[in-house]
Amino acid sequence: MPKPSNREMILTEGLRVVLERGFCGASVRDVVHAAGVPQGSFTNHFASKEAFGLEILDLYFAHVRDGIRKTLRNDALPPLDRLRAWVDLQIRFLKQAEMRNGCLIGNFSIEAADHSEAIRRRLVEIFDEIQESVAHCLRAAVKARELRRATNCDELASFLYSSLQGAILQAKAERSAIPLERFKQVLFSTVLR
């Protein structure tokens, strides 16, 4: 098996460091130290910390897309089961880090969107793609008569994802899964009834 390149090490370890410390809290020195590569390797592969940030955001989003493919976009499962599986996937991911890391997409929205127009624009694209996948699942739920025909799936998807991000932020601050469990309970017992 070939040894990972310095670039791959910087991205992989950089993602881990940024999830732990935040984009603003993680220095280039922290990233290269974690990757075990010389500091010059960073500037050889990335024009700026912003360029690096965009790449780790896309690396993280590739994992998010994979989860979406297995849940929200898995047409073999009943629609509301897909949605529940997607929410459960978020909760499991956050529990693995004891609720300390949160979601990189939400974290970047707070930390980097005001400082980088390129990152802000990429976040908007990511939000749109995730919300479209949620809406896809909700439209399937309407078609399967799991939700009312009058359901505005696009509006509900936007509300649902915004609410989930809020629950993630609160869970991170409290270092507790309770806000996420509450979100899930209210979503399925009240919002989607």
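The values are calculated or read from the model by the stated rules, or taken from the named source; none is laboratory data. Every value quoted in this text rests on a predicted model; they were computed, and no experiment measured them. Here the Cβ is made from the backbone with ideal geometry for all residues, glycine too, and neighbour counts use every protein chain on show.
Structure values in brief
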{"read-out": "Selected residue (only one of 35, 51 is surrounded by fewer than 19 Cβ atoms within 10 Å (Cβ to Cβ) and not aromatic (Phe, Trp, Tyr))", "value": "51"}
{"read-out": "First in the range 78-97 and assigned by TED's automatic domain parsing to the domain that holds residue 61 and charged (D, E, K, R), second anywhere and crowded, with 21+ Cβ neighbours inside 10 Å and in a helix (DSSP H, G or I), Cβ under 8 Å, 6 or more apart", "value": "82/137; 82/140"}
{"read-out": "Where a residue in the range 157-182 is acidic (Asp, Glu) and its partner, wherever it lies, is not in a helix (DSSP H, G or I), with Cβ under 9 Å and at least six apart", "value": "174/99"}
{"read-out": "Index of the failed condition, residue 75 passing every other in (1) more than 26 Å from residue 179 (Cα to Cα); (2) assigned to a helix (DSSP H, G or I)", "value": "(2)"}
{"read-out": "Number of the exception - residue 68 against (1) β-branched (Val, Ile, Thr); (2) in contact with a Gly (Cβ under 9 Å, 6 or more places away or on another chain); (3) closer than 30 Å to residue 142 by Cβ", "value": "(2)"}
{"read-out": "Cross-chain or 6+ apart pairs with Cβ under 9 Å, the range 21-41 first and over 25 Å from residue 3 (Cβ atoms), then crowded, with 16+ Cβ neighbours inside 10 Å and among the aromatic types (Phe, Trp, Tyr)", "value": "23/108"}
{"read-out": "Positions within the range 111-142 being in contact (Cβ under 8 Å) with a residue 40 or more places away in the chain and closer than 12 Å to residue 54 by Cα, in sequence order", "value": "112, 116, 118, 119, 122, 123, 126"}
{"read-out": "Residue 19 being closer than 22 Å to residue 169 by Cβ and assigned by TED's automatic domain parsing to the domain that holds residue 119", "value": "no"}
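Rundown of residues vs (1) under 24 Å from residue 172 (Cα atoms); (2) touching a His at 6+ places or on another chain (Cβ under 7 Å), yes/no style:
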position	(1), (2)
7	no, yes
15	yes, no
25	yes, no
36	no, no
68	yes, no
71	yes, no
82	no, no
94	yes, no
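Every residue, every condition in (1) out of contact with any helix residue (DSSP H, G or I) (no Cβ under 8 Å at 6 or more places or on another chain); (2) within 26 Å of residue 26 (Cα to Cα); (3) surrounded by 15 or more Cβ atoms within 10 Å (Cβ to Cβ), yes or no:
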| residue | (1), (2), (3) |
| --- | --- |
| 58 | no, yes, no |
| 84 | no, no, yes |
| 117 | yes, yes, no |
| 137 | no, no, yes |
